[in-house]
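The structure under discussion appears below in the form of structure tokens.
What follows draws every value from the coordinates through simple rules; no lab data is involved. Just so it is clear, the structure is predicted and the values come from calculations on it, not from any experiment. Glycine also receives a Cβ, built like all others from the backbone with ideal geometry; neighbour counts cover every protein chain displayed.
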Amino acid sequence: MFFILVWGLGFMRQFSFSLFATAMCAWATVSHAEQMLDVHGQYLFGDWQGKRTELAQKGIKFEANALTDTNYLADGGHNAGASPNTASQFWLGTQFDLEKLAGWEGVTIRFVATARQGQSTSIRDLQDPSAPQLANVQATYGRGNQDSRLSELSIEKRFKEQGLSVKVGRLGLGSDFDVMACDFVSNAFCAAQMGKWQGNIWMNTPVSQWGGRIKYQLTPEVITQIGVYEFNPDNGNGKAEGQGWSLDTEHADGVTIPVEVIWTPKALFNGLAGSYRVGGIYNTADDPNNQYDVAYGKGVVGEDRTFAGWIAIEQQLTSTGAGRQGLHSFANFTWHDRITNKVDNSQQVGLKYIGVFEQHPTDILGLGVNRVHLNERFTAGKVQYDASAEYNIELNYSYNPTPWLMLRPNIQYVVNSGSSHVVDNALVLGLGSRIIF
């Protein structure tokens with residue numbers, strides 16, 4: 001496995017950018033082709049006159065998309081009525097199936113680069129600086145705005161007969177653990193919740209860190225997995241120029257170890273499928289600037305470990321057509337070490353209806369409610385934290401006029417931003433979008 005990894009990383013470094021350049025040239029040269037802007041096609045730029053399908057059959061897949069979140073603070077907060085803010089993310093990736101390319105059974109190499117830019121309505125208009133909002137009304141904001149990042153560079157080996165999968169490289173924790181779909185605009189309902197409420201330790205995509213995970217299929221419906229990831233505060237530093245592409249471990253401080261059990265019953269409720277995840281993490285960082293008692297503050301009283309746990313649930317409740325059409329429920333619960341983390345628990349519940357209208361079977365109507373509770377050891381003596389918790393509510397509709405374009409008008413309501421009464425409850429109007437190239 002070690003030799004496969006070394007070869008794979010070298011392969012990626014040597015060829016990934018030239019392949020992307022080739023792909024971009026292909027997009028430019030086929031812009032006039034009939035597949036481009038096809039309202040029934042999967043991609044904005046079409047199938048490159050069949051070349052995209054041909055490459056996929058040979059083992060090379062390309063992916064590119066652009067996300068934008070534009071939000072306007074209509075009422076409340078501290079700067080209601082200001083001009084809207086837009087945050088965006090560009091995603092560029094490729095996957096190499098080495099079973100097809102080189103005859104290496106079950107081996108896949110994956111490369112993803114991302115770039116984020118824009119401004120946050122939560123930061124500029126909604127929150128008070130003395131009590132920052134715990135969530136953010138724009139999920140595409142943060143973790144490296146104004147910079148690009150290497151978000152994944154991994155090699156995975158699947159031992160099909162043994163039900164075993166091993167993946168190593170530069171990875172985001174939320175890509176494998178505490179996984180959650182991102183069908184909302186607020187980050188309170190988007191991606192692994194551990195990365196929101198213990199984000200100093202758990203870093204979701206677009207951040208990557210050195211690590212690996214082993215996944216084992218116990219039964220057709222039960223999977224267990226464990227990972228070991230480098231903890232390095234430099235990985236989350238989006239302000240330093242080029243930091244998102246740094247591969248060094250100079251300031252590494254311990255490791256993060258997640259474990260998880262996943263149950264995916266095929267017919268639990270009304271004969272419909274669901275996903276149930278239970279997991280926990282343990283982190284061994286011991287630098288007092290990275291791991292410290294939140295009652296005293298950064299660098300004062302150091303600690304040598306932290307931990308947390310989660311439950312993540314998705315369950316289809318009704319079926320009204322083919323595939324996933326129907327009503328779906330989701331829920332997420334997290335618990336955190338009260339010594340080292342300012343958030344000690346969070347809860348999230350919601351519903352999604354896929355295919356509200358027969359003529360739009362992939363559209364999604366979504367409603368989510370989230371509660372985030374601050375650790376009383378952290379808030380003690382800080383008069384601004386005078387509310388019981390922060391609540392985030394979002395109602396949205398994901399409209400897909402074509403398979404490659406999604407528009408997501410949304411209404412958000414933030415109660416007790418930052419777990420504080422310093423600013424009024426906030427009404428936020430927004431529009432999210434996704435274009436698949």
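Think of it as helices only: each DSSP H run of n ≥ 4 in the chain is worth -39500 (n - 2.57), and spread over all residues that comes to -3500 deg cm²/dmol at 222 nm. Multiplying each eigenvalue of the alpha-carbon gyration tensor of the chain by 5 and taking the square root yields semi-axes of 33, 28, 23 Å, largest first, rounded to whole angstroms.
Note: relative contact order over the stretch 2-436, using C-alpha pairs below 8 Å and six or more positions apart, is 14 percent. 3J(HN,Hα) couplings calculated from phi for the stretch 61-69 with the Karplus curve 6.51 cos²θ - 1.76 cosθ + 1.60 (θ = phi - 60°) are, in sequence order, 10, 10, 9, 8, 8, 10, 10, 9, 10 Hz; Gly and Pro show x. Sparsely packed loop sites in the stretch 206-313 (the GluC sites (Glu not before Pro) outside DSSP H, G, I, E and B with at most 11 other Cβ atoms within 10 Å) comprise Glu241, Glu250. Residue-wise HN-Hα couplings along the stretch 274-290, as the Karplus relation 6.51 cos²θ - 1.76 cosθ + 1.60 with θ = phi - 60° gives them from phi, are x, 9, 10, 10, 10, x, x, 10, 9, 10, 10, 4, 9, 6, x, 7, 9 Hz; Gly and Pro carry x.
What whole number of Å gives the distance from the Cα centroid of the stretch 342-401 to the Cα centroid of the stretch 420-435? If you average the Cα positions of each part, the centres end up 11 Å apart.
Comparing Gly323, Gly142, Gly174 in a Gaussian network model of the chain (Cα springs below 10 Å), the most mobile by mean-square fluctuation is Gly323. Sorting the segments 77-89, 198-210 by their mean number of nearby beta carbons within 10 angstrom, highest to lowest, gives 198-210, 77-89. With an a/c value of 1.5 or above and a/b larger than b/c for the gyration tensor axes a ≥ b ≥ c computed over the alpha-carbon atoms, the stretch 185-307 is described as prolate. Separation of the stretch 287-330 and the stretch 205-225, taken as the distance between their Cα centroids, equals 16 angstrom. What pairs from Lys58/Lys266; Lys100/Lys167; Lys167/Lys196; Lys167/Lys266 go past 28 Å between their alpha carbons? Checking Cα-Cα distances, Lys58/Lys266 exceed 28 Å. A protection proxy built from the mean count of other Cβ atoms within 10 Å ranks the segments 39-50, 91-102, most packed first, as 91-102, 39-50. Couplings 3J(HN,Hα) of the stretch 252-264, computed from phi: 4, 9, x, 9, 10, 10, x, 10, 7, 10, 10, 10, 10 Hz, in residue order, whole Hz [Karplus 6.51 cos²θ - 1.76 cosθ + 1.60, θ = phi - 60°; x for Gly and Pro].
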